[in-house]
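Worksheet for the structure shown next.
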């Protein structure tokens, strides 16, 4: 799968430099289907084929530069590769963190319900 399509590259060009934006637009999402890593680019440089964006991996969160060609070259024994989330709709960082927090709360609630059910069965 091509991570940066012509349409996505055009969108980056329309948005331009977001380095001073405290609430940048996350244009797309790349993810490892075999792991927990996700990359949310806010800028793309076609000359160097690099992005700058928000990276989530396990419990780590950081803003950093990453190479698209390196992401595209990562292969897994299963044959799976880093993919672009075709269902991802661009959103601002604030929108993303709000949605992420709701998901985390829902997961926590499900864990608590499961633990309660296990406790009830043990009694």
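In the set (1) out of contact with any strand residue (DSSP E or B) (no Cβ under 8 Å at 6 or more places or on another chain); (2) surrounded by fewer than 10 Cβ atoms within 10 Å (Cβ to Cβ), residue 19 fails one condition alone, (1). Residue 44 falls short on exactly one of the conditions (1) within 19 Å of residue 97 (Cβ to Cβ); (2) crowded, with 18+ Cβ neighbours inside 10 Å, and that condition is (1). Within region 47-61, restricting attention to residues that are modelled with pLDDT of 95 or more and surrounded by fewer than 16 Cβ atoms within 10 Å (Cβ to Cβ), which residue is nearest to the chain's Cα centre (by Cα)? So, considering only residues that are modelled with pLDDT of 95 or more and surrounded by fewer than 16 Cβ atoms within 10 Å (Cβ to Cβ), the one nearest to the chain's Cα centre (by Cα) is 49.
The values are calculated or read from the model by the stated rules, or taken from the named source; none is laboratory data. On a predicted model such as this, the values are computed, not experimentally measured, just so you know. Every residue, glycine as well, gets a Cβ built from its backbone with ideal geometry; the counts of neighbours run over all protein chains shown.
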